[in-house]
1. Within the stretch 197-215, track down each residue that is open to solvent by 20 Å² or more (accessible area, probe 1.4 Å) and not in a helix (DSSP H, G or I).
2. Assuming Glu177 fulfils every condition listed in (1) open to solvent by less than 20 Å² (accessible area, probe 1.4 Å); (2) part of a helix (DSSP H, G or I) apart from one, which condition is it?
3. Within the stretch 114-127, can one find any residue that is assigned to a strand (DSSP E or B) and either open to solvent by less than 10 Å² (accessible area, probe 1.4 Å) or touching a residue at least 40 places away in the same chain (Cβ under 8 Å) (or both)?
4. Which of (1) on the phi > 0 side of the Ramachandran plot; (2) in contact (Cβ under 8 Å) with a residue 40 or more places away in the chain is the odd one out, the single condition Gly70 does not satisfy?
5. If Pro245 meets every condition in (1) modelled with pLDDT of 95 or more; (2) of a type outside the set (S, T, N, Q); (3) under 30 Å from Ala118 (Cβ atoms); (4) part of a loop (DSSP other than H, G, I, E, B) apart from one, which number is that one?
6. If the requirement is being of a type outside the set (Phe, Trp, Tyr) and surrounded by fewer than 19 Cβ atoms within 10 Å (Cβ to Cβ), which of these qualifies: Val90, Val77, Val38?
7. Please go through the stretch 128-141 and give me each residue that is open to solvent by less than 20 Å² (accessible area, probe 1.4 Å), more than 16 Å from the ligand (Cβ to nearest atom) and either more than 22 Å from Val77 (Cα to Cα) or not polar (S, T, N, Q) (or both), ordered by number.
8. Consider Ala194 against the criteria (1) open to solvent by less than 50 Å² (accessible area, probe 1.4 Å); (2) part of a loop (DSSP other than H, G, I, E, B); (3) within 12 Å of the ligand (Cβ to nearest atom): it satisfies all of them except one. Which criterion is unmet?
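The values are calculated or read from the model by the stated rules, or taken from the named source; none is laboratory data. Please read these numbers as outputs of a predicted model, since none were measured by experiment. Backbone-built Cβ (ideal geometry, glycine too); neighbour counts: all protein chains shown. These accessible areas exclude ligands, DNA and RNA; they are computed on the full protein's heavy atoms, side chains included. Shrake-Rupley method; radii C 1.70, N 1.55, O 1.52, S 1.80 Å.
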Amino acid sequence: MSTFTIDTATSRAHPTPAPMKRLTVPAVRARKGGEPLVMLTAYTVRMAQLLDPHCDILLVGDSLGQVIYGLPSTLPVTLDMMCAHGAAVVRGSYHALVIVDMPFGSYEASPDQAFASAARILAETGAAGVKLEGGETMAPTIAFLTARGVPVMAHVGLTPQSVNALGGYGARGRTNEEHSRIVADARAVAEAGAFSVVAEGVIEPLARTIAAEVACPVIGIGASAACDGQVLVAEDMLGLFERTPRFVKRYADMAGMIGDAAAAYAAEVRARTFPGPDQVYAPK
Ligand code: KIV
């Protein structure tokens, strides 16, 4: 368990014991077929501090739109939001590779637009790379970015930014046509230079095929244990929401803990038993 000392000049929390060196993109890429990659989302400095010692990758996902901002989808998420949260996660982490999602509308128009957005994200956050959604269509953009020094994590299968085109968040790859298209998408983004690929919400045999056929690590979410790693939204696996999607396993009941703590606090405030003698300042 790490403890943190706050540097008041920079507001940076320094962990004790000293952390290991931060993982690099080549080190993550080299994990293909090896020890599974552990990835969780993080959006805030404190969550980054808590998750960092256990994770290889922290993803500043655009799922922050729903999780942090209560938005109905990821579509309204902006570059400003991603940069602010990305910088917080980099400040709170020392070991994990930090990847920041490119929000909807910040990269699809052209490779030039994608480069300008990615350059802003890397410069303002200190993250090591970006993630973007899309398969064959985005392959030229991925090639453009990687050739210019921007590491790209791709994202295929269920791509939430395309929710309107897909018609919902259901699992993908149930028809032969869709199955073949998603395999082609995964191949295309890997061949274009993506250092890893997120495969989201795809039926298990499809995830296995992708993991077997693609040269870089495939990180699954609602996919298969055969992937080279797994990612979940941290708040989902911590049990912060009542609804748990099928692919999520709850490792804690944080909603219950927070509710219980808030109820105990409210009861003590109403009974005037908080603050007690330990929480008040005595006169000199
Ligand atoms: O935005 C996000 O959190 C993601 C993960 C669920 C892969 O893209």
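1. Within the stretch 197-215, Glu200, Ile203, Ala215 qualify.
2. The number of the failed condition is (1).
3. Looking through the stretch 114-127, none of the residues is assigned to a strand (DSSP E or B) and either open to solvent by less than 10 Å² (accessible area, probe 1.4 Å) or touching a residue at least 40 places away in the same chain (Cβ under 8 Å) (or both).
4. Exception for Gly70: condition (2).
5. Tallying (1) modelled with pLDDT of 95 or more; (2) of a type outside the set (S, T, N, Q); (3) under 30 Å from Ala118 (Cβ atoms); (4) part of a loop (DSSP other than H, G, I, E, B), Pro245 fails exactly one: (1).
6. Matching residue, one of Val90, Val77, Val38: Val38.
7. Within the stretch 128-141, just Ala139 meets the criteria.
8. In the conditions (1) open to solvent by less than 50 Å² (accessible area, probe 1.4 Å); (2) part of a loop (DSSP other than H, G, I, E, B); (3) within 12 Å of the ligand (Cβ to nearest atom), Ala194 misses (3) alone.
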